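**Q** This is the structure I have questions about; it appears just below.
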Amino acid sequence: YREPELLVTRRLTLRGEGWPVLVGGDHQILTVTADSVTISGLVLRDVSPSATDDRAAIKVREAHGCRLENNTLLDTFFGIYLSGVTGCVVRGNRVRGHGGSEALTGNAIHSWSSSGLVIEDNVVRGHRDGIYFEFTSDAIVRRNTSTGQLRYGLHFMFSNGCRYEGNTFDGNGAGVAVMYSHHVTMTGNTFRRSWGSAAYGLLLKEISDSRIERNVFDHNTIGLFAEGTNRVGVRGNEFLGNGWGVQVLADAQETRFERNRFQGNSFDVSTN
């Protein structure tokens, strides 16, 4: 189906049978502005990049209680874009980008100024950032697989009270970046194969009152990098085969490391 941008302005369920394909172009495919809309079982593809418009396969704006489940998104600029939404679920989607230049590649799952999200069981690849949060609070991100992103497997800023559990971040350009946030919990995640001069398994910058527990940092240039952290607990993690297991800068205050395992790193711990 090749249609103009489709606007969903009232509550409905849009469920594909037999994987129907919606083809974009120089515009978004679906824009949702109604509450409690469910979209599932669709293939959405071919949304052209733009330097001026954050067009997406599915964009949800100022809505509550949407459910985006079990869709396949192929070669879209942004995949799923949430703006000013609350209580939405993004589950079981497969999002594959074209992996061009960073400037003309959007994010697979993007959230701006939203709250109460559940992002789970998605597989994302080949975008700028796999999952991107900005000004997003009280979200749960679990059991997602983010691989082969040009920049970060997960990137979030100014997003407080979020939990990240059981995700896999593998082979992304710069790893995972967590910035300017507080009360963040990251447990049971795997950070693997982030190599390069500016690559980290996990970068913490200006993070406070947070927990990093039971994660695996496997074969990264730097497993965990902490700058400006305050009252962060790093417990029960495994640092395996990294260049540096942990780098902690001198401006980290009250950061506590307990019961972590270091094996096969070139350098286990360093600081300035």
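**Q** I'd like the full set of residues that are surrounded by fewer than 16 Cβ atoms within 10 Å (Cβ to Cβ) and assigned to a loop (DSSP other than H, G, I, E, B), limited to the stretch 52-61. Steps first, please.
**A** First pass over the stretch 52-61, keeping only residues surrounded by fewer than 16 Cβ atoms within 10 Å (Cβ to Cβ): 52-54, 61.
Passing the criteria: THR52, ASP53, ASP54.
**Q** Would you mind stating whether VAL234 is in a strand (DSSP E or B), open to solvent by less than 50 Å² (accessible area, probe 1.4 Å) and farther than 22 Å from GLY130 by Cβ?
**A** The answer is yes for VAL234.
**Q** Moving on. Can you name the residue in the stretch 100-118 that is of a type in the set (Val, Ile, Thr) and either part of a strand (DSSP E or B) or surrounded by fewer than 17 Cβ atoms within 10 Å (Cβ to Cβ) (or both) and is also farthest from the chain's Cα centre (by Cα) among such residues?
**A** VAL118
**Q** Among the residues of the stretch 62-78, write down those that are open to solvent by less than 10 Å² (accessible area, probe 1.4 Å) and under 18 Å from the mean Cα position of the chain (by Cα).
**A** Taking the stretch 62-78 first, the residues open to solvent by less than 10 Å² (accessible area, probe 1.4 Å) are 63, 66, 68, 71, 73, 76-78.
Within the stretch 62-78, LEU68, ASN71, LEU73, THR76, PHE77, PHE78 qualify.
**Q** Being modelled with pLDDT under 95 and surrounded by fewer than 17 Cβ atoms within 10 Å (Cβ to Cβ), is that true of even one residue in the stretch 90-99? Step through it out loud before you land on a result.
**A** Let us first name the residues in the stretch 90-99 that are modelled with pLDDT under 95, namely 97-99.
Now narrow it down to the ones that are surrounded by fewer than 17 Cβ atoms within 10 Å (Cβ to Cβ): 98-99.
Yes, the stretch 90-99 contains a residue that is modelled with pLDDT under 95 and surrounded by fewer than 17 Cβ atoms within 10 Å (Cβ to Cβ).
**Q** What is the residue count in the stretch 189-198 for residues that are among the polar types (S, T, N, Q) and open to solvent by less than 10 Å² (accessible area, probe 1.4 Å)?
**A** 2
**Q** With the stretch 119-188 as the region, which strands (runs of 3 or more DSSP E) entirely inside it contain at least 2 residues that are of a type in the set (Val, Ile, Thr), open to solvent by 10 Å² or more (accessible area, probe 1.4 Å) and within 21 Å of THR255 (Cβ to Cβ)? Break it down stepwise before answering.
**A** On the way: elements: 123-125, 131-134, 140-142, 145-147, 152-157, 163-165, 168-170, 175-182, 185-187.
Correct list: 185-187.
**Q** Report, by residue number, each residue of the stretch 245-272 that is open to solvent by 90 Å² or more (accessible area, probe 1.4 Å) and either within 16 Å of TYR200 (Cα to Cα) or under 23 Å from the mean Cα position of the chain (by Cα) (or both).
**A** If the condition is that a residue be open to solvent by 90 Å² or more (accessible area, probe 1.4 Å) and either within 16 Å of TYR200 (Cα to Cα) or under 23 Å from the mean Cα position of the chain (by Cα) (or both), then PHE267, VAL269, THR271 are the ones that fit.
**Q** Residue check: is PRO49 farther than 20 Å from SER114 by Cα, of a type outside the set (Lys, Arg) and surrounded by 17 or more Cβ atoms within 10 Å (Cβ to Cβ)?
**A** Yes, satisfied.
**Q** Restricting attention to the stretch 199-231, and to residues there that are part of a strand (DSSP E or B), without any contact (Cβ under 8 Å) to a residue 40 or more places away in the chain and of a type in the set (Gly, Ala, Ser), which single residue is most open to solvent (accessible area, probe 1.4 Å)?
**A** SER208
**Q** Collect the residues in the stretch 26-42 that are open to solvent by 20 Å² or more (accessible area, probe 1.4 Å) and under 14 Å from TYR1 (Cβ atoms), keeping them in residue-number order.
**A** Matches in the stretch 26-42: HIS27 only.
**Q** I'd like to check something: does the stretch 184-200 contain any residue that is under 13 Å from the mean Cα position of the chain (by Cα) and closer than 19 Å to ARG231 by Cβ?
**A** yes
The values are calculated or read from the model by the stated rules, or taken from the named source; none is laboratory data. Quantities reported herein were computed from a predicted structural model and do not represent experimental measurements. Heads up, the Cβs are rebuilt from the backbone with ideal geometry, glycines too, and the neighbour counts pull from every protein chain shown. Protein only, heavy atoms only, side chains kept; ligands, DNA and RNA dropped before computing areas. Shrake-Rupley method; radii C 1.70, N 1.55, O 1.52, S 1.80 Å.
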